[in-house]
Each structure stands twice: as C-alpha cells, then as structure tokens.
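The values are calculated or read from the model by the stated rules, or taken from the named source; none is laboratory data. Here the structure is a predicted model, which means the values were calculated and not measured. Virtual Cβ from ideal backbone geometry, glycine too; neighbours counted across all protein chains shown.
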Amino acid sequence: MNGMDTTIQVLDERTVNQIAAGEVVERPASVVKELVENAIDAGATLVRVEVTSDRQHVTAIRVVDDGVGMGRGDAALAFKEHATSKISRIDDLDRVLTLGFRGEALPSIASVSDVTLITRQRGGDQIAGTKVAIRGGDAPGVTEVGAPEGTSIEVRNLFFNTPARRKFLKSLHTELAHIHGVIEKTALARPDISFRLLHNGRERIATHATDDLRETVAALFGTAVAKELIPLALETPLVRVGGYISGPALSRADQYQIFLSINARPISSLQIVRAIKEGYGTLLPKDRFPVAFLSIGINGSLVDVNVHPTKKLVRLSREKEIYGAIADAVHAALGSRDLRAAAGPKPVFPVISSMPAPHEIPASVPGVGESRAPFTLTDRRLRQSELPLSGVERNLLPEIDVIGQIDNMYIVGSAGDGALIVIDQHAAHERVLYEQVQEKNGTGSGSQELIVPVLITFSPQEAELAREVLPALAEEGFSLEEFGPATYAVNAIPVVLGKLEEPEVIRDLVSALIRESPADPVGRREAVLRRVACRSAIKAGDRLSQEQMRRLLDQLARTKNPYTCPHGRPTIVSFSPDELAAMFRRT
C-alpha cells in the first residue's frame, strides 16, 4: 500500500479526544458530573461546586474536594487518555465499584476547554502541591504550587475550539438546571457526603453528610415532602432495596421525582420505574407517579455499568427477579401504613347508566341514598367553560341523544342517522377549555388573583427552570414570585382553572415544560395552553350526570375543531348503522 493514495486516515490524538468529548461532555452539566464523580472516587467527604456565568452562558466550573489528592506524577498522567487508577485489566470490570474508571473524562474535557488542576496528596510528606494547566488538549504545563490537601479542578471556555457544539447548548437557565440535577441525583445517591453548589457566589444547594437519606431529601425538596415519605427496606439473597416512597396522596404527573441509585451510582431505568408502579397497584392512577428515593444494592457481577458513555444507564442480569423484589418492597412498605385518609373514597365504575324515561327523575338529581358529591366538582368545571367562544353560536356536531356513560370515561349517544357515538369526556372538555384559553390570552381577562397566595416549594433543579418559564406562565395568567431559595408564591392563576384546589397544578405545569422544553416562545406558550386545558378539564374517572353530559356535548359543538383534543387525540368515535351491522354479521 506504500506510495498509493488512500482515503482512510489515522486521526491524531487531539481529534480523537475531541470526538470522545462529544460522547462524554455534552454540556456543562457533563463536566460537573465527571468531576464530582472523580471527587467521590477520591474519598471526598465534602464536594464544593462553583459555577460562574454571564447572562447567556456558563463561563467557568470549579470543583473542589477534600479527597486523597494526587502526587506530581499522577497529576500529570491524569490527562492522558485511558489513564486510570480504577482498573488494570479486563477482569476488573466485573468488580469495579467506583463511579468512573475508563480514563476518558479529564482528557476529553481538556480537549475542548481550558483546565487548571491543583492537587496535594493527603498525608504526604510534600508541603507543596501540584498545578497542571492544559488548553485544548495541548501538552500540559506542570508546576509546584501551595495547596491544601485534596483536589481543585477549574474548567473555563468550554467548547471554545468546537463552536458547533457550543451553539447547540440551551439557555442559561436550562444549562444551570441540568447542573442542579446532577448535584441532586448525586447527593441522593451519596447522602454520606456533603455537597455544596454555588452559582455566581450564591449558594443554591447545601446538604450535610448524614446516615439518614430523609435528611438529604428535606434539604433538597423541603420538609413537607420529607414528612410524607414512607420508609422502605427489603433484602433478598439477590438484591437489597432501601429508601423512601410517597403515599398515594403525594404524586406527580410524570416520573421526574423518582430518584434511583444502584450501588451508590445514580441511574435511570424505565424498568425499575415500572416495578415501583407495579408495587402501588391500583393505589395510583395510570397517569400519576409517586415520589421515590430508592437505593438499590446488587452484586457487582450482575451489573454492567459500561453500556452508556455517561454511565447513566445500566444493564442487569436476572432482571425479572430484581424487578420483582423492588415491586415487593414497595408493596410491603405501602401495606404497613394506613392509607385510607390519603386514598380517599373508592370510585364507582358503573358499566353504563341508562337514559331516564320521561316520567323518571332526571339523572342530574341524585336518587335515594345517592350523594351529589361526585357531581359538584364536575359542575364547577363545566361552569368555567360555559361561555360560547367569540360570542358566536356554532354547531359543528350532529344532534346527539345521550344514552349514558361507560366506565366513567366515555359518553355514549346516538345520532339522528342511527350512528352510535362514543365521546372521550376528558378529551372533549380539553378541547373546549383549550380554545377558550386561546381566546382569552392577551385580553387581560384571563387571570384571577388569589385571596391568599399559594406557596409551592420546588427542588433546586425545578426552581432554576421555573425562572426561565415565568414569562410564558405569566402570559397565560399565572403570577409567580420568588419567596425564598426554592419557593414561589402563586398570586394569580388563569380564570379557566377556577378555584385552585391543588397546588400541584403549578408543579405539573412546570414539570411539563421541563419535559417538553420547547425552544421557541410560541412552543412554550402552546405547551402552557395545553397543560392548563388538561389540568382544568373533566377527568377520566369522573362520574357525570345526564344533564352534565348534555352540557359538555353542547360546549364541544361550539368549538372550532370538536373532533380532536389539543394533543391530537380523537374526541369522538362514530359507528354507522352499516358498520354496526357488519360487526354483528348482519350484512
């Protein structure tokens, strides 16, 4: 092949490191994660993270620990690719218990930033420490410097030599929120270590070393959440499960407050989330998730932590047994508590309620021994959406005679042409509310002040994200003001929400914006509109009277698009007489 032209090139070491950085260093939070994990592996009892920013970008990250530190030789080698003290041969991968071990983090970070490391070995004879400075993967400069025991690493000008990566970073609040999330997850996985997070000199997170995970939860999420938690503990020959879970009364719209660790490593696992939900059984609706903080111990030979560049996912052997043990642990913990007050009255699920004959009492009036309570909240929700849109009466649906309700979810009716009509009551009311909120937006009439402000305590990560979405929430009628480091006072809400009986409405809205994270203002506004409509609408499982079903259909008929909800799901399904005949083989 000598002397011949080739298209395949052997990349130089700097290019290789910059490519590796794309896998390991996605954003500033990735730097924080890698450096904090190194500090933990160094035996630190205190980890301090200092983040500096201008108005648009994170400009510097400094992580300081009181770990074992390094001597001069190790400090220089730390920036060499695949140099690690964690493993020495392939067999060690099955036994590794440290958080990092591949030797990619420091060289990857150094290849796309300016890095300064200052370290001094704990208990060593040397008075001076070692300083290593490296820029963009160049040869490191090593000098002596006065330093305390432990290690300090400062990273500046991240992605200065890879502008394509820098332009894909999100807003400052979003990037700071990801950093908050890293510290939250790590502190919950290692409550025995003290963590501090400062932004531009202002303390955002502070936890103290403890042997009780509940204390760390209280520091991050507030004492109100910590008091509601139920301890969980189960040990089998295969797995050890400990931590805390919430009762059914404390739930979230998604799984963002389920925190998991395996062998003290923060991880994500949809399978474990499913196992936790399985443990709750019917105590939680399908669309609600608990708050949970689980610490899982498994023999290292059954866990593969090297399946993802950032080590946030793991692969487990004997999965079925492990997930079953987790579900059993949750079920046992819930079974040990009296949950009757939290669970509330048992819902009634009639198969179908028949349409009353003319001489019978209307279904809107309770019968003997029947309470009006199931219909009161529905009445209030229907009153909120009673006004016609734009003052123009529409009727885009055929005349529908209401027959009844199935499973407290679907309204069944018949059309004049003999068609069988099935309406999703939640989707239908969502559509009505969504169009009303759209029309009220910008008119100044879509907001109502609360007599007494409602206080909402967020986690540090949520609080940072809330700062970014406050303008979008304000446009839709919400007024939130900071009332402390992670607490907001809700002073006003959209009129369409009616009486704010659940402070979790605000939390769910912010959570939804976190998850959907639309970049443009129009997208953010749309996300808020849909969530406001969803949370204000009649729910699947709400029992409706005949009169309430008719009112809902009348409101739906006056919308611009009565056929789908704001998320695109159908509101109405129709079966023609011919289709029904075909189902019964009458054709």
Residues to consider are LYS539, LYS560; find the one that is over 16 Å from ARG381 (Cα atoms) and either in the same structural domain as ARG383 (by TED's automatic domain parsing) or acidic (Asp, Glu) (or both). LYS560
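Counting only residues that are touching a residue at least 40 places away in the same chain (Cβ under 8 Å), surrounded by 13 or more Cβ atoms within 10 Å (Cβ to Cβ), over 19 Å from the mean Cα position of the chain (by Cα) and not in a loop (DSSP other than H, G, I, E, B), how many does region 209-225 have? If you could, list the steps in order and put the result at the bottom.
Filtering region 209-225 for residues touching a residue at least 40 places away in the same chain (Cβ under 8 Å) gives 209, 213, 217, 220-222, 224-225.
Keeping just the survivors that are surrounded by 13 or more Cβ atoms within 10 Å (Cβ to Cβ) gives 209, 213, 217, 220-222, 225.
Applying the additional criterion that residues be over 19 Å from the mean Cα position of the chain (by Cα) yields 209, 213.
Now restrict to residues that are not in a loop (DSSP other than H, G, I, E, B): 213.
Summing the residues that are touching a residue at least 40 places away in the same chain (Cβ under 8 Å), surrounded by 13 or more Cβ atoms within 10 Å (Cβ to Cβ), over 19 Å from the mean Cα position of the chain (by Cα) and not in a loop (DSSP other than H, G, I, E, B) in region 209-225 gives 1.
Given the criterion modelled with pLDDT of 65 or more, surrounded by 18 or more Cβ atoms within 10 Å (Cβ to Cβ) and not in a loop (DSSP other than H, G, I, E, B), identify the matching residue among ALA75, ALA21.
Details: ALA21 fails: modelled with pLDDT of 65 or more.
One residue alone meets the criteria, ALA75.
Just to check your reading of the model, which residue among THR45, THR52 is closer than 23 Å to LEU176 by Cβ, among the hydroxyl-bearing types (Ser, Thr, Tyr) and modelled with pLDDT of 85 or more? Walk me through how you get there before you give the answer.
Working: THR45 fails: closer than 23 Å to LEU176 by Cβ.
The match here is THR52.
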Residue ranges of strands (runs of 3 or more DSSP E) in region 104-148 with at least 1 members within 20 Å of ALA164 (Cα to Cα) and assigned by TED's automatic domain parsing to the domain that holds GLY67: 114-120, 128-135
Looking at ALA206, is it touching a helix residue (DSSP H, G or I) at 6+ places or on another chain (Cβ under 8 Å), assigned to a helix (DSSP H, G or I), touching a residue at least 12 places away in the same chain (Cβ under 8 Å) and among the small types (Gly, Ala, Ser)? no
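Could you pull out every one of the helices (runs of 4 or more DSSP H) wholly within region 257-376 that has 1 or more residues that are aliphatic (A, V, I, L, M) and modelled with pLDDT of 70 or more? Don't jump to the end; show me each part of the working.
Numbers: elements: 270-280, 319-335, 340-343.
So the answer is 270-280, 319-335.
Take GLU449 and tell me if it is of a type in the set (D, E, K, R), buried (at least 22 other Cβ atoms within 10 Å of the Cβ) and either assigned to a helix (DSSP H, G or I) or at pLDDT 80 or above (or both).
Working: of a type in the set (D, E, K, R): yes; buried (at least 22 other Cβ atoms within 10 Å of the Cβ): no; either assigned to a helix (DSSP H, G or I) or at pLDDT 80 or above (or both): yes.
No; evaluated as a whole, the condition is false for this residue.
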On the basis of being over 24 Å from ALA466 (Cα atoms) and among the β-branched types (Val, Ile, Thr), does THR174 make the cut? no
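Conditions (1) out of contact with any strand residue (DSSP E or B) (no Cβ under 7 Å at 6 or more places or on another chain); (2) closer than 23 Å to VAL182 by Cβ, marked per residue:
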site: THR236; (1), (2): yes, no
site: ARG252; (1), (2): no, yes
site: GLY281; (1), (2): yes, no
site: ARG288; (1), (2): no, no
site: VAL291; (1), (2): no, yes
Whichever residue in region 137-181 is among the β-branched types (Val, Ile, Thr) and crowded, with 23+ Cβ neighbours inside 10 Å and, among such residues, is nearest to VAL217 (Cα to Cα): ILE179
Small (Gly, Ala, Ser), closer than 19 Å to GLU321 by Cα and either assigned by TED's automatic domain parsing to the domain that holds LEU316 or touching a Pro at 6+ places or on another chain (Cβ under 6 Å) (or both): does that describe SER261? yes
Considering (1) basic (Lys, Arg); (2) farther than 24 Å from ARG315 by Cα; (3) in a strand (DSSP E or B), say which one ARG240 fails and leave the rest. (2)
Between residues in region 450-475 that are outside the structural domain of LYS440 (by TED's automatic domain parsing) and residues that are assigned to a loop (DSSP other than H, G, I, E, B) and of a type in the set (Ser, Thr, Tyr), which pairs lie under 9 Å by C-beta distance while being six or more apart or on different chains? none
Residues of region 48-67 that turn out to be over 24 Å from the mean Cα position of the chain (by Cα) and hydrophobic (A, V, I, L, M, F, W, C), as a count: 4
